[in-house]
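The values are calculated or read from the model by the stated rules, or taken from the named source; none is laboratory data. Since we're looking at a predicted model, the values are computed, not measured. Methodologically, a virtual Cβ is constructed for each residue, glycine included, from the backbone with ideal geometry; neighbour enumeration extends over all protein chains shown.
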Amino acid sequence: MGGTAYHETEKHAKGSTRVARARHRRGRRGWVIGLSLGILAVVGAGTAYAAYRYDEATSDRILTGVRIAGTDVGGMSRDEALRTIGQQAEDTLYSSLLVRAAGHSWIVTPASLGMTANVEGAVDRALAVADDLSLLSRVYHRLRDVPVDEAVELTFAPDRAGVEAFVQQAFGEVALPAVNARFELVDGDLVTRRSRTGQELATEGASKRILRALERRIGEVEVPVRTLEPAVTSASLGQTIVVDISENHLYFYEGMKLVKDYPVATGSGGYPTPLGTWEIVEKRENPTWYNPAPDTWGADLPASIGPGPGNPLGTRALNLDAPGIRIHGTYDSFSIGTYATHGCIRMLISDSEELFELVDVGARVLIKA
């Protein structure tokens with residue numbers, strides 16, 4: 001019995017020793033694992049910190065592979081990119097733009113029209129490409145110099161006010177007023193002038209075309225011109241009778257075209273044919289003559305004379321708005337070409353009948369010396 005107890009005690013002691021050793025080995029493994037994890041944590045933290053510091057140190061550089069308006073700016077600092085892209089922008093802003101209008105031409109630049117380029121915005125967007133990547137991705141691209149293949153647009157802003165100011169300047173150079181036809185007496189002299197169309201820039205259309213050319217980087221643009229019609233054209237001038245007393249001749253015009261001319265007799269001595277601009281107000285066929293001066297030169301004449309031979313007005317009479325003045329026929333054909341009337345304009349019977357058919361009420365009559 002005693003031997004059995006001894007063996008049991010010895011077995012128990014050995015078991016306790018094995019347990020203690022196992023616990024010790026597990027403790028050592030745990031310590032090693034913990035130490036290893038700690039070292040890894042320290043190394044990881046160090047690496048992350050190093051990556052962070054590297055990212056900070058290179059954050060003022062644009063990632064490799066970034067392009068602005070086709071120009072590679074990878075690896076550049078902000079100032080370097082501003083200089084590079086600024087020069088590229090100037091190539092556009094100071095390029096020539098030829099503007100044409102109605103035979104006129106101007107060479108301008110986009111900059112002179114107020115156009116600007118957003119260089120700073122483009123460079124800032126290029127720098128910001130890195131912000132869209134994670135820290136590790138940024139460090140990877142920077143350390144390995146791996147391009148990111150990003151394109152940034154360089155935007156230009158045309159200035160409508162600047163374009164409109166140029167168009168107004170050009171307007172003054174292109175503007176050509178329409179000219180009305182003239183057929184009139186000026187200080188007693190006959191002045192004639194044919195009508196002529198004018199022109200002016202179509203300002204709204206011109207501004208739109210120039211702005212479109214700037215946006216599309218076109219080097220030449222033709223801008224629209226508007227034709228100005230005269231208020232009085234040669235065709236619409238109407239009919240004009242010119243009586244030249246110095247020649248005793250009558251000229252009949254349709255517009256600016258001379259249609260007929262006739263010899264006439266005009267006022268004599270104290271009864272001159274009135275000079276100036278008049279109008280035909282009435283046409284009379286086979287008129288009755290009424291004595292206009294029964295107390296003076298007509299004292300020996302009847303109060304009136306009906307149509308027929310001997311009628312002082314002949315067969316046709318054109319009344320003017322000048323009091324008592326008419327263009328009329330006469331049976332005294334021998335007086336034609338002389339100064340023989342009391343102010344009226346006499347014509348041969350046949351000539352007066354022909355003119356009567358041609359001329360309208362409202363036609364102007366210019367009587368000049």
(Q) What pairs come out if I take residues in region 158-171 that are loosely packed, with under 15 Cβ neighbours inside 10 Å and pair them with residues that are part of a helix (DSSP H, G or I) and hydrophobic (A, V, I, L, M, F, W, C) whose C-beta lies under 7 Å away, six or more apart or interchain? (A) ARG160/LEU211
(Q) Can you confirm whether GLU220 is exposed (fewer than 14 other Cβ atoms within 10 Å of the Cβ), within 30 Å of ARG160 (Cβ to Cβ) and not polar (S, T, N, Q)? (A) yes
Q. Taking region 92-128, which residues are in contact with a Leu (Cβ under 7 Å, 6 or more places away or on another chain), over 22 Å from GLU153 (Cα atoms) and of a type outside the set (A, V, I, L, M)?
A. SER105
Q. Which residues, taken from region 103-140, are crowded, with 19+ Cβ neighbours inside 10 Å and not hydrophobic (A, V, I, L, M, F, W, C)?
A. PRO110, ARG138
Q: Can you give me the number of residues within region 303-356 that are assigned to a loop (DSSP other than H, G, I, E, B) and either over 21 Å from ALA293 (Cβ atoms) or out of contact with any helix residue (DSSP H, G or I) (no Cβ under 6 Å at 6 or more places or on another chain) (or both)?
A: 23
Q: Quickly run through region 238-292 and pick out the residues that are of a type in the set (Lys, Arg) and more than 49 Å from the chain's Cα centre (by Cα).
A: LYS283, ARG284
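Each row is one residue, and each column tells you yes or no for (1) under 30 Å from ALA363 (Cβ atoms); (2) in contact with a Lys or Arg (Cβ under 7 Å, 6 or more places away or on another chain); (3) without any contact (Cβ under 8 Å) to a residue 24 or more places away in the chain; (4) in the same structural domain as VAL243 (by TED's automatic domain parsing).
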| position | (1), (2), (3), (4) |
| --- | --- |
| ASP91 | no, no, yes, no |
| SER96 | no, no, no, no |
| PRO110 | no, no, no, no |
| THR116 | no, no, no, no |
| VAL152 | no, yes, no, no |
| LEU176 | no, no, no, no |
| ARG196 | yes, no, no, no |
| GLU200 | no, yes, no, no |
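Among the residues of region 186-198, what is the count of those that are part of a strand (DSSP E or B) and crowded, with 17+ Cβ neighbours inside 10 Å?
Kept after step one, since they are part of a strand (DSSP E or B), are these residues of region 186-198: 186, 189-193, 196, 198.
Of the ones still in play, those that are also crowded, with 17+ Cβ neighbours inside 10 Å are none.
Summing the residues that are part of a strand (DSSP E or B) and crowded, with 17+ Cβ neighbours inside 10 Å in region 186-198 gives 0.
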Q.
Considering only residues that are crowded, with 16+ Cβ neighbours inside 10 Å and either touching a helix residue (DSSP H, G or I) at 6+ places or on another chain (Cβ under 8 Å) or modelled with pLDDT of 95 or more (or both), which ones fall in region 285-302?
A. PRO287
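Are any of the residues in region 272-282 in contact with a Cys (Cβ under 9 Å, 6 or more places away or on another chain) and not acidic (Asp, Glu)? Before the answer, list the steps.
Going through region 272-282, the residues in contact with a Cys (Cβ under 9 Å, 6 or more places away or on another chain) turn out to be 273.
From what's left, not acidic (Asp, Glu): 273.
Checked against the condition, which is being in contact with a Cys (Cβ under 9 Å, 6 or more places away or on another chain) and not acidic (Asp, Glu), region 272-282 yields at least one hit.
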Q: For region 313-323, indicate whether the set of residues that are at pLDDT 95 or above and on the phi > 0 side of the Ramachandran plot is non-empty.
A: yes
